[in-house]
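**Student:** Submitted below is the structure of interest, expressed as structure tokens.
The values are calculated or read from the model by the stated rules, or taken from the named source; none is laboratory data. Just so it is clear, the model here is predicted, and its values are computed rather than measured. For neighbour counting, all protein chains shown are included, and Cβ atoms are generated from backbone atoms with ideal geometry for every residue, glycine included.
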Number of protein chains: 2
Amino acid sequence: MSTQTNQQVRLASRPVGLPTSDNWQLVEEPLAPLEEGQVRVKVLYLSLDPAMRGWMNEGKSYIRPVAIGETMRAGAVGRVVESRSGRFAVGEHVSGAFGVQRFWTGAADDQGNPLVKIDPALASLPAWLNVLGMPGMTAYFGLLEVGQPKAGETVVVSAAAGAVGMTVGQVAKHLGCRVVGIAGGADKCRFVVEQLGFDACIDYKEGQVAQGLKQHCPNGVDVYFDNVGGEILDTVLTRINMKARIVICGAISQYNNTAPVRGPANYLSLLVNRARMEGMVVFDFAPRYPEAVARLAQWLREGSFKSREHVVEGLENFPAALLMLFEGKNFGKLVLKIADA
Amino acid sequence: MSTQTNQQVRLASRPVGLPTSDNWQLVEEPLAPLEEGQVRVKVLYLSLDPAMRGWMNEGKSYIRPVAIGETMRAGAVGRVVESRSGRFAVGEHVSGAFGVQRFWTGAADDQGNPLVKIDPALASLPAWLNVLGMPGMTAYFGLLEVGQPKAGETVVVSAAAGAVGMTVGQVAKHLGCRVVGIAGGADKCRFVVEQLGFDACIDYKEGQVAQGLKQHCPNGVDVYFDNVGGEILDTVLTRINMKARIVICGAISQYNNTAPVRGPANYLSLLVNRARMEGMVVFDFAPRYPEAVARLAQWLREGSFKSREHVVEGLENFPAALLMLFEGKNFGKLVLKIADA
């Protein structure tokens with residue numbers, strides 16, 4: 001095995017606005033022999049996430065930037081193909097931050113990049129990057145711990161057909177909330193309502209978000225889970241209830257700005273309504289992931305919860321596939337298939 | 001008494017930008033005889049507040065707008081000069097929303113505009129519009145309930161020499177926090193540090209707020225009590241700590257905008273830092289005012305707390321005096337003296 005070749009997509013330069021092919025470099029190099037305590041994972045599926053855009057920027061954030069020349073960071077699932085650790089056996093499936101490459105090699109007990117066994121019998125491998133992965137954990141803890149919805153309240157979530165949004169909405173339905181999604185296009189809206197069971201979905205591409213909120217949230221908005229920022233955040237701010245909670249999970253509309261970020265001009269609605277806007281980062285909840293996985297997997301098994309992935313194939317297609325996120329072209333959680341098994 | 005004349009300042013039209021003399025009308029009318037259950041209060045001091053600007057606008061807010069032709073709303077202290085209620089005797093001092101006029105006449109038990117007895121022996125009458133009045137209550141509950149500062153944390157407050165700011169900072173010092181004010185001009189900054197005991201004060205007129213925060217908040221900002229909004233809010237957002245709390249109390253920099261409100265472009269710092277921005281309205285804490293008054297009055301008596309008022313005289317000067325707030329010309333809580341006793 002150790003004479004095989006690895007392929008990596010490395011960050012070649014920092015983007016201004018949308019990433020271009022110039023920002024990436026595809027590199028081949030032979031795999032080094034495994035050291036004691038290490039394992040080698042063949043990457044099967046990569047997670048493509050809006051947050052990746054932030055990791056490409058220089059400067060302090062909740063996680064260090066990817067360095068120039070470094071393999072692009074990515075969550076992934078794969079299969080152990082070599083092991084010099086007693087903790088992992090060849091053939092086991094694992095998830096971790098394996099990066100945009102064919103093979104990940106590292107210490108089995110690296111605290112900074114923990115390797116987690118996953119059970120493909122519980123859900124498909126792509127679902128382990130979605131509902132049972134980072135987006136699912138983000139949605140679950142962001143909604144429950146920051147949004148704190150109560151049965152009967154109205155929850156609105158943007159990017160509703162995306163990885164985080166679909167879990168936010170379905171968890172909120174399980175909690176007995178009225179759930180209204182915001183998504184781009186009639187197909188996504190139909191999916192969100194008909195397949196995921198949301199009460200309604202507003203197609204922001206029709207430009208009637210304020211009108212849609214008025215119609216579908218007759219009792220106002222108690223929890224808004226924001227994945228997009230920009231104009232939609234401002235519009236929702238005009239419809240919030242007293243003591244509303246706005247979960248700031250992301251701002252995909254702003255990530256590729258070359259102009260300054262658009263701040264929410266209607267933020268004084270927080271004052272009028274004694275409401276709150278609060279940020280969250282999923283890693284803070286890592287010790288509690290198993291609790292969320294157990295609950296979500298149970299719902300998936302029962303059929304009362306759906307996981308939808310949008311699979312694109314080929315490591316070399318990573319740069320183009322990433323752009324789909326920012327163009328709203330993915331329908332469900334976007335994953336990149338690297339290998340069959 | 002009932003043959004006396006009242007004078008009222010009424011809202012004549014809604015302002016665009018800064019209020020002008022055209023927005024006001026001074027009206028004289030005879031006082032009607034008192035009805036059973038009513039009291040008449042001679043207004044002694046009026047409270048001038050930034051929030052008044054919002055009350056002059058049409059549209060839904062946390063309180064209904066002042067109507068065209070209506071006496072301008074204002075908090076005030078005064079003396080009971082006539083009474084047909086067993087609850088209030090002539091000569092007693094009271095506070096209430098008496099409005100911009102010489103005499104207030106109303107039901108002693110009006111739940112919508114409660115009359116509260118005050119004790120001039122506990123603090124001066126103007127102090128009852130400041131530390132022991134709405135600004136003090138706003139500062140006290142906004143800081144404690146929304147800001148939730150802990151001893152050793154760093155609290156930053158804008159408009160630090162203003163009515164709310166001075167109480168926020170002094171309460172935070174009593175709690176064992178490091179306290180840094182932001183104020184306009186060297187005189188105000190000196191007052192805040194030397195008289196009120198803040199650890200430092202940044203003069204925003206020198207244009208070095210970011211540098212000042214870096215210097216005076218070496219451990220970052222845990223609580224920011226925002227009275228101003230705009231650029232200062234954005235700058236503080238770049239210095240907040242993990243789990244920081246931003247209290248949205250006001251946004252005086254934006255109240256007279258004819259352009260749209262400036263939203264905080266750096267709001268994604270909330271995400272990175274898992275921080276919170278939350279609005280508050282003092283009225284929510286009305287049942288707990290006595291608790292705050294008792295504690296603040298005790299500190300005033302002990303000399304470990306200061307109340308500073310800026311007194312302007314004359315009902316007819318109300319329009320000009322109100323503008324002082326928006327030009328930063330008041331130094332301490334701005335009150336309008338209407339009568340001696």
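**Student:** Cβ-Cβ below 6 Å, separation at least six or inter-chain, first residue in the range B:148-177 and farther than 16 Å from B:Gly220 by Cα, second β-branched (Val, Ile, Thr) and assigned to a helix (DSSP H, G or I): which pairs?
**Tutor:** B:Ala160/B:Val192; B:Ala161/B:Val192; B:Val164/B:Thr138
**Student:** Find the residue count for the range A:142-155, including only residues that are surrounded by 22 or more Cβ atoms within 10 Å (Cβ to Cβ) and either in contact with an Asp or Glu (Cβ under 9 Å, 6 or more places away or on another chain) or among the aromatic types (Phe, Trp, Tyr) (or both).
**Tutor:** Residues flagged as surrounded by 22 or more Cβ atoms within 10 Å (Cβ to Cβ) and either in contact with an Asp or Glu (Cβ under 9 Å, 6 or more places away or on another chain) or among the aromatic types (Phe, Trp, Tyr) (or both) within the range A:142-155 amount to 5.
**Student:** Another question, if that's okay. Would you pick out the residues in the range A:232-265 that are within 27 Å of A:Met134 (Cβ to Cβ), more than 9 Å from every other protein chain (Cβ to nearest Cβ) and at pLDDT below 95?
**Tutor:** Listed by number, the residues that qualify are A:Ile252, A:Ser253, A:Tyr255, A:Asn256, A:Asn257.
**Student:** For residues that are part of a loop (DSSP other than H, G, I, E, B) and not aliphatic (A, V, I, L, M), scanning just the range A:36-53, find the one that is nearest to A:Thr258 (Cα to Cα).
**Tutor:** Taking the range A:36-53 first, the residues part of a loop (DSSP other than H, G, I, E, B) are A:36-37, A:48-50.
Now drop any that are not not aliphatic (A, V, I, L, M), which leaves A:36-37, A:49-50.
Values: A:Glu36: 46, A:Gly37: 45, A:Asp49: 20, A:Pro50: 16 Å.
Only one residue fits best here, namely A:Pro50.
Matching residues to (1) more than 10 Å from chain A (Cβ to nearest Cβ); (2) under 23 Å from B:Met137 (Cα atoms); (3) surrounded by fewer than 19 Cβ atoms within 10 Å (Cβ to Cβ):
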| site | (1), (2), (3) |
| --- | --- |
| B:Asp199 | yes, yes, yes |
| B:Gln208 | yes, no, yes |
| B:Gln211 | yes, no, yes |
| B:Gly229 | no, yes, no |
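**Student:** Only one of (1) surrounded by fewer than 24 Cβ atoms within 10 Å (Cβ to Cβ); (2) within 14 Å of chain B (Cβ to nearest Cβ) is not met by A:Phe191, so which one is it?
**Tutor:** Failed condition: (2).
**Student:** Would you kindly identify the helices (runs of 4 or more DSSP H) lying entirely within the range A:134-236 that contain at least 1 residues that are in contact with a Lys or Arg (Cβ under 7 Å, 6 or more places away or on another chain)? Steps first, answer last, please.
**Tutor:** On the way: elements: A:134-141, A:163-174, A:186-190, A:209-216.
Counting at least 1 such residues, we get A:134-141, A:163-174, A:209-216.
**Student:** Which residue is farthest from the other protein chains (Cβ to nearest Cβ), if the candidates are limited to the range A:272-301 and must be over 25 Å from A:Pro114 (Cβ atoms) and modelled with pLDDT under 95?
**Tutor:** Among them, the one singled out is A:Arg301.
**Student:** Do any helices (runs of 4 or more DSSP H) lying entirely in the range A:250-340 carry at least 3 residues that are under 16 Å from the mean Cα position of the chain (by Cα) and surrounded by 15 or more Cβ atoms within 10 Å (Cβ to Cβ), and which ones are they?
**Tutor:** A:289-302, A:318-326
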